[in-house]
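Remarks on the structure that follows.
Just so you know, all these numbers are worked out from the coordinates, no wet-lab data involved. The model shown is predicted, which means the values in this text are computed figures rather than measured ones. Here Cβ is always computed from backbone atoms with ideal geometry, including for glycine, and neighbour counts include all displayed protein chains.
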Amino acid sequence: MKRKIWVYLAFFGLLIGGFYAFLYATIDSSKSLLPVLSIVKPFSFERQDGKQITEKDVAGKVYAAEFFFTTCDGICPKMNRNMKKVYEAFKQEQDFLILSHTVNPETDSVERLKTYADSLGVNGKSWWFLTGSKSNLYKAARESYILDDPNTHSGNIDEQFLHTQFFALVDKSGRVRGIYDGLKKDETEKLTTDIRDLLQEHIQ
């Protein structure tokens, strides 16, 4: 009887072991389970050091994107305090960037963005502050990063004002993989976790 039990146990042990071996062989651990929400369209903006930046400069990088303005005294300071925590966690990571786009390019010149970056105590190597034409900035926010609904805005771009508290996370292939509320601690922590996930993902 005991011998029969041991035979059954060995059989089920082999069965379970085979099942997990099959799972290990078929599941690609190099791919994140985060969904693809959007694809970032080509862009060209000016960085705080005066350099023109395009989508080619972020190719192969994981990055977080946000939209703010330097004179904001409402949600932007809290957003960037939370974003700085992300910056501190990954500032030594060569494959990670933060892209902060102004929504008020009439005021936020390259020089002003540089002063703002300096006030945060961050370097221009891994946190970029970008300006450009208002239409291109708003188009990026709405069509690439899906941080604002383009269908709710029409008419003259000069009469529009975009104000969003959300961050977008982009993978190494230029695909948006997550949207996070930049005012919430748990969402910022989730962003940090997902960044680590995407840094391990192979380029497809």
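Some notes on this structure:
- If a spin label sat at a point 7 angstrom from the Cα of LYS125 along the line to its beta carbon, the backbone N atoms of segment 167-201 nearer than 20 Å would be those of 196, 199.
- On the basis of the beta-carbon distance and an R0 of 30 Å, ALA89 and ILE157 show a calculated FRET efficiency of 0.25.
- Placing unit charges on the Cβ atoms of the charged side chains and taking the dipole of segment 38-199 about its Cα centre, the candidate lying farthest along the positive direction among ILE146, VAL176, THR102 is VAL176.
- Dipole check for segment 38-199: with +1 at the C-beta of Lys and Arg, -1 at the C-beta of Asp and Glu, and the Cα centre as origin, the magnitude is about 380 Debye.
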